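One structure below.
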Amino acid sequence: MSELQEYGGKATMEKITSLAKRRGFVFQSSEIYGGQNGAWDYGPLGIELKNRIAGAWWKEMTRLHDNIAGLDAAILMHPRTWEASWHVENCTDPLVYCKKCKSRFRADMIPEENLSAKKCPDCGGELTDTRKFNLMFKSHIGPAEDTASVIYLRPETAQGIYVNYKNIIQSNRMKIPFGIAQIGKAFRNEIVTKNFIFRTCEFEQMEMQYFVKPGTDEEWFNEWRRQRWAYYKKLGVKMDHLRWHQHGKDELAHYAKDAYDIEYLFPMGWRELEGVHNRTDYDLGRHAQFSGKDMQYIDQDNNNERYIPYIIETSAGLTRNVLMILCDAYDEEQVAEKGNAGTEGSADDWRTVLRFHPDLAPVTAAILPLMKKDGLAEMAQDIRKELQDDYATDYDQSGAIGRRYRRQDEAGTPFCITVDYQSKEDGTVTLRFRDSMEQVRVPRAELAVRLRQEIKSYKRIK
Ligand code: ATP
């Protein structure tokens, strides 16, 4: 079975990219100039979705753990950091390019037969030898462009955590085991950027580094694998679209004792979403060596025993998670198949719907007056004001109500609140559910509480 057959979902990268643009999730960077490769802009719905995904991760990793602290380290770091981390020497991908069509490829991503025959997979032209290509963006800081002022854009957020590990032990009186979590931008001069926001030169990571006593590392590694898997389940992700991939000996990074990726079945196939790595004492050991500072942990509860902690890392792409959530939520269905088709559509009516978990949806509730006139718009605006302190809301009064529901379905809004003539008489409104398209009447005064209950008890039906 091919990966695409196996996928079974209705999303394609073309559909996702075009919906993302049409509805203001993601735009191409600098589009009016023809676009900037490897960079994307998050529009009004996209930034809300990205913030919600980041918020869910942050809550999971910090608020729900009393021994994990947050950090926001600078993107620009002392250049010695990247020598210590081995990135200057080794943050490289194998590059080949075609002498005829000039296409560039990552040698590890093209078929072996093309590589050995030195034959371009696109045009059949001759490929160059493989050479190492450093992925770090290099710039200069200060007015003089000499080597003393070289600066790099960080290719991962992790190093900002390692260099602050002692600060956080001291400021927060942390005791091993403990973790430090961070969300932030990272930059890699990727040889090939494709598949929309999957692989970009500017992206965001959500990383947590967990510091443990050597000898307990395997146990913690397994525990973090368990927790990260459970997290995606909690978010309502299709679990048959997730799988583990253990790094083989030839894949393991130089620092890693063991590594597993959580892979997601994207429309283009199974791809890495997040990595869980046992990084040993490599990172802190190298920083001790390069900075001359003592990076040992002193265990005051254990006769001041000293050791360099092992690090278990969970490293997820935030922007890659945005793509995953968009693909996972994407659905198309024929409305007439539903029981209440009479109220919503005709036999040829199809809808595109993003079935986001309500905790992640950019808009939680849209308030829609059936008509603009007769005081319905004013009442709907009032309801919006009552809800907007607690919920992300939208207001839409233009067009037929069915068309407005479709627009909200496409934005992934889980609840629509419709104000009609009956609302004026008895103070009730219609609460319409995105997934089932069912409608119930709810007293206006109970809306806020009802929404809270619906969000808490949300279960994905498809
Ligand atoms: P690859 O081998 O695919 O280039 P990697 O294995 O080096 O990636 P890591 O360094 O482990 O990736 O990065 C951790 C996470 O950061 C990845 O699981 C991914 O979600 C995200 N990530 C890495 N590179 C990119 C990128 N260029 N664009 C978007 N997200 C990225």
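The values are calculated or read from the model by the stated rules, or taken from the named source; none is laboratory data. From a predicted model like this one, the values you see are computed outputs, not experimental measurements. Don't worry about glycine lacking a Cβ; one is built from the backbone with ideal geometry, like all the others, and counts go over all protein chains shown. Keep in mind that these areas ignore ligands, DNA and RNA; they rest on the heavy atoms of the full protein, side chains included. Shrake-Rupley method; radii C 1.70, N 1.55, O 1.52, S 1.80 Å.
Just a few scattered comments:
- The range 58-70 - residue that is touching a strand residue (DSSP E or B) at 6+ places or on another chain (Cβ under 8 Å) and assigned to a helix (DSSP H, G or I) and, of those, least open to solvent (accessible area, probe 1.4 Å): MET61
- Annotation: ALA259 fulfils all but one of (1) at pLDDT below 95; (2) surrounded by 19 or more Cβ atoms within 10 Å (Cβ to Cβ); (3) within 11 Å of the ligand (Cβ to nearest atom); the unmet one is (1).
- Filter result for TRP58 (in contact (Cβ under 8 Å) with a residue 40 or more places away in the chain and within 24 Å of the chain's Cα centre (by Cα)): yes
- Scanning the range 153-167 for residues that are over 17 Å from the mean Cα position of the chain (by Cα), surrounded by 18 or more Cβ atoms within 10 Å (Cβ to Cβ) and either within 16 Å of the ligand (Cβ to nearest atom) or of a type in the set (S, T, N, Q) (or both) turns up LEU153, ARG154, GLN159, GLY160, ILE161, TYR162.
- Verdict on TYR330 being more than 16 Å from the ligand (Cβ to nearest atom) and either of a type outside the set (S, T, N, Q) or more than 30 Å from the chain's Cα centre (by Cα) (or both): yes
- Per-region count, the range 283-323, residues closer than 29 Å to GLU219 by Cα, in contact with a Lys or Arg (Cβ under 9 Å, 6 or more places away or on another chain), within 16 Å of the ligand (Cβ to nearest atom) and assigned to a helix (DSSP H, G or I): 3
- Against the conditions (1) in contact (Cβ under 8 Å) with a residue 60 or more places away in the chain; (2) crowded, with 21+ Cβ neighbours inside 10 Å, VAL150 satisfies every one except (2).
- Single match in ARG403, ARG384 (criterion: open to solvent by 40 Å² or more (accessible area, probe 1.4 Å), assigned by TED's automatic domain parsing to the domain that holds ARG450 and at pLDDT below 95): ARG403
- Among the residues of the range 185-230, the ones that are away from the ligand (no atom under 15 Å from the Cβ), open to solvent by 30 Å² or more (accessible area, probe 1.4 Å) and not polar (S, T, N, Q) come to 9 in all.
- One residue from ALA73, ALA11 being under 29 Å from ARG104 (Cβ atoms) and in a loop (DSSP other than H, G, I, E, B): ALA11
- Residue match in the range 168-184 (condition: surrounded by fewer than 21 Cβ atoms within 10 Å (Cβ to Cβ), modelled with pLDDT of 95 or more and within 15 Å of the ligand (Cβ to nearest atom)): yes
- Among the residues of the range 386-425, those that are among the β-branched types (Val, Ile, Thr) and in contact with a helix residue (DSSP H, G or I) (Cβ under 8 Å, 6 or more places away or on another chain) comprise THR393, ILE417, THR418, VAL419.
- Of all residues in the range 88-130, those being more than 31 Å from the chain's Cα centre (by Cα) and assigned to a strand (DSSP E or B) number 4.
- A count restricted to the range 25-35 and to residues that are farther than 12 Å from ILE197 by Cα and either buried (at least 17 other Cβ atoms within 10 Å of the Cβ) or touching an Asp or Glu at 6+ places or on another chain (Cβ under 9 Å) (or both) stands at 2.
- Checking ASP348 against (1) in contact with a helix residue (DSSP H, G or I) (Cβ under 6 Å, 6 or more places away or on another chain); (2) modelled with pLDDT under 95, the condition it does not meet: (1)
- Scanning the range 71-81 for residues that are under 25 Å from the mean Cα position of the chain (by Cα) and buried (at least 18 other Cβ atoms within 10 Å of the Cβ) yields LEU71, ALA73.
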